[in-house]
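Worksheet for the structure shown next.
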């Protein structure tokens, strides 16, 4: 994968309505004033905020945070569903809560969710590789579902209904092509209890 393609994957991920990717410059690495081929440095915008692995939400601003998280999780499910259907290159290590920052760049008027990945890994899904597509789908469904539950708890026990519905739509899409995935078909995931 070229540096240009890698940059395009970040731009593609950030093109989903509620997923923000800070400015990213990828430059060839330099050690002792010498360019080292195959070594790259990732430079990002500065963000003021906290990663979603540790973020605790107080009463103040909770309603705004709920709206932001609903939009973010819905867009994350949309991205996963699109990658599942269309295949192609994707960000293969996006399943870490600490890679998502809730905060602002200088100049932002309100908090948003930003995806920050300083050591990216990439995968490729072929449309005709059903095993890889299944693995990707189950992995992303588990990640998004647990993310929903975690954020609901930390937002004071709210139910992120739109995010749950979009997650379920993604799961239903996977089951149509893979009816043998009983845990999806029968909706036994604990985070579906309110959908």
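The values are calculated or read from the model by the stated rules, or taken from the named source; none is laboratory data. Just so you know, these numbers come straight off a predicted model, no measurement behind them. When we count neighbours, we look across all protein chains shown, and the Cβ atoms used for this are built from the backbone with ideal geometry, even at glycine.
A few points about this structure:
- Filter result (under 17 Å from residue 16 (Cβ atoms) and surrounded by fewer than 19 Cβ atoms within 10 Å (Cβ to Cβ)) within the stretch 95-114: 95
- Condition check for residue 129: over 16 Å from residue 81 (Cβ atoms), more than 20 Å from the chain's Cα centre (by Cα), at pLDDT 90 or above and surrounded by fewer than 15 Cβ atoms within 10 Å (Cβ to Cβ): yes
- Taking the criterion of being in contact with a helix residue (DSSP H, G or I) (Cβ under 8 Å, 6 or more places away or on another chain), in a helix (DSSP H, G or I) and within 19 Å of residue 100 (Cα to Cα), the residues of the stretch 148-163 that qualify are 148, 149, 150, 151, 163.
- Flag: residue 101 does not match the condition of being closer than 18 Å to residue 65 by Cβ and in contact with a helix residue (DSSP H, G or I) (Cβ under 6 Å, 6 or more places away or on another chain).
- Residue 145 being assigned to a loop (DSSP other than H, G, I, E, B) and modelled with pLDDT of 90 or more: no
- Among the candidates 124, 136, residue that is under 14 Å from the mean Cα position of the chain (by Cα) and in contact (Cβ under 8 Å) with a residue 12 or more places away in the chain: 136
- Tally of residues being over 18 Å from the mean Cα position of the chain (by Cα) and modelled with pLDDT of 90 or more across the stretch 162-195: 0
- Verdict on residue 88 being surrounded by fewer than 19 Cβ atoms within 10 Å (Cβ to Cβ), closer than 18 Å to residue 52 by Cβ, out of contact with any helix residue (DSSP H, G or I) (no Cβ under 8 Å at 6 or more places or on another chain) and at pLDDT 90 or above: no
- Qualifying residue in the stretch 99-109 (condition: part of a loop (DSSP other than H, G, I, E, B), over 24 Å from residue 173 (Cβ atoms) and in contact (Cβ under 8 Å) with a residue 40 or more places away in the chain): yes
- Taken as a whole, the condition of being farther than 22 Å from residue 100 by Cβ and modelled with pLDDT under 75 applies to residue 35.
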